[in-house]
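The values are calculated or read from the model by the stated rules, or taken from the named source; none is laboratory data. Predicted model, so just to flag it, every value in this text is computed and none were measured. Neighbour counts are summed over all protein chains in view; Cβ atoms, including those assigned to glycine, are modelled from backbone coordinates with ideal geometry.
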Ligand code: SF4
């Protein structure tokens with residue numbers, strides 16, 4: 001169900017550019033997400049989203065964004081996509097992410113977007129405009145197997161569609177990267193999966209792969225995930241319960257080996273495993289300027 005709401009504020013503020021893509025201002029136009037990934041952390045109680053299957057649309061988001069940006073004195077990266085996908089289906093109708101990007105372009109702020117949707121291609125020309133400052137798009141890819149993705153990310157466009165979209169944005173000079181997270185224990189933690197993500201990321205122009213080899217599980221999110229495991233992967237819940245109990249962080253069985261494999265594969269094909277950020281880009285430009293003098 002989609003519910004329209006009026007938001008009082010939009011941007012969250014971190015004192016310094018955070019380690020998370022150098023984001024200074026966080027933005028969520030939607031609460032809840034129609035991509036319905038079975039592992040989604042945003043179902044956790046701490047986020048106080050009563051029913052994650054409902055999508056709350058902040059219909060006044062663009063006006064608030066304009067008001068808030070006009071009062072800001074410090075420029076910094078605006079990040080979206082951490083709590084809900086800015087290109088969830090509702091965006092097709094409401095076009096609020098698009099309109100917010102237009103405002104961001106007008107105010108000349110850098111942006112970092114995390115998504116699982118190729119709907120972002122609709123907004124290419126605005127992203128190109130923002131990219132005169134800095135635009136980075138991270139596509140979350142947890143598996144390259146479209147059939148598996150249909151089970152665990154049932155509402156999201158397939159990994160193949162995401163990768164194709166990434167290729168188009170990369171060709172246009174927009175920084176693209178892969179957020180390889182989560183990697184679900186006992187389901188996605190194979191060497192073949194990790195290597196294929198790297199291979200395809202390279203093929204489609206990703207500059208960085210940011211990974212988390214494992215997942216988080218807590219309260220409401222865990223209950224939902226286990227319910228889905230029973231349906232989709234009978235017998236697997238027992239393995240999770242035995243291995244992780246009530247742990248929040250649930251690493252893959254072979255994290256160390258997989259991490260090494262991932263790092264080596266990225267190194268070989270020239271993909272960075274660091275998180276890209278506008279702040280780093282500016283610092284490196286400043287450093288090379290200083291070096292040259
Ligand atoms: S796309 Fe992201 S926010 Fe949406 S359901 Fe999946 S993990 Fe959650």
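Which numbered condition in (1) away from the ligand (no atom under 16 Å from the Cβ); (2) touching a strand residue (DSSP E or B) at 6+ places or on another chain (Cβ under 6 Å); (3) in a helix (DSSP H, G or I) is the only one that residue 162 fails?
(1)
Just the residues that are in contact with a helix residue (DSSP H, G or I) (Cβ under 7 Å, 6 or more places away or on another chain), farther than 15 Å from residue 86 by Cα and outside any helix (DSSP H, G or I), please, taken from segment 26-51.
Correct list: 38, 39, 44, 49.
For residue 80, which of the numbered conditions (1) touching a helix residue (DSSP H, G or I) at 6+ places or on another chain (Cβ under 6 Å); (2) within 12 Å of the ligand (Cβ to nearest atom) fails to hold?
Here residue 80 clears every test but (1).
Listed here are the residues, each with its yes/no results for (1) out of contact with any strand residue (DSSP E or B) (no Cβ under 8 Å at 6 or more places or on another chain); (2) touching a residue at least 40 places away in the same chain (Cβ under 8 Å); (3) more than 16 Å from the ligand (Cβ to nearest atom).
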| position | (1), (2), (3) |
| --- | --- |
| 4 | no, yes, yes |
| 11 | no, yes, yes |
| 20 | no, yes, no |
| 31 | no, yes, no |
| 34 | no, yes, no |
| 43 | yes, yes, no |
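Limited to segment 131-159, what total is found for residues that are assigned to a loop (DSSP other than H, G, I, E, B) and away from the ligand (no atom under 14 Å from the Cβ)?
Going through segment 131-159 one residue at a time, the tally reaches 6.
Please specify each residue of segment 78-93 satisfying the condition of being in a helix (DSSP H, G or I) and in contact (Cβ under 8 Å) with a residue 40 or more places away in the chain.
90, 91
I'd like the full set of residues that are within 13 Å of the ligand (Cβ to nearest atom) and touching a strand residue (DSSP E or B) at 6+ places or on another chain (Cβ under 7 Å), limited to segment 98-130.
Residues satisfying the conditions are 113, 114, 115, 116, 120.
Considering only residues that are at pLDDT below 95 and not in a helix (DSSP H, G or I), which ones fall in segment 253-284?
Across segment 253-284, the qualifying residues are 253, 254, 274, 275, 276, 277.
Out of everything in segment 165-202 that is within 16 Å of the ligand (Cβ to nearest atom) and either in a loop (DSSP other than H, G, I, E, B) or out of contact with any strand residue (DSSP E or B) (no Cβ under 8 Å at 6 or more places or on another chain) (or both), what residue ends up being nearest to residue 278 (Cα to Cα)?
181
From the list 57, 62, pick out the single residue that is touching a strand residue (DSSP E or B) at 6+ places or on another chain (Cβ under 8 Å) and either without any contact (Cβ under 8 Å) to a residue 12 or more places away in the chain or more than 18 Å from residue 23 (Cβ to Cβ) (or both).
So the residue among 57, 62 that is touching a strand residue (DSSP E or B) at 6+ places or on another chain (Cβ under 8 Å) and either without any contact (Cβ under 8 Å) to a residue 12 or more places away in the chain or more than 18 Å from residue 23 (Cβ to Cβ) (or both) is 57.
Taking residue 75 as the residue in question, decide whether it is more than 16 Å from the ligand (Cβ to nearest atom), part of a loop (DSSP other than H, G, I, E, B) and either within 25 Å of residue 275 (Cα to Cα) or modelled with pLDDT under 90 (or both).
Criteria met by residue 75.
Going by what's in this entry, would residue 92 be described as out of contact with any helix residue (DSSP H, G or I) (no Cβ under 8 Å at 6 or more places or on another chain) and either at pLDDT 95 or above or surrounded by fewer than 18 Cβ atoms within 10 Å (Cβ to Cβ) (or both)?
no
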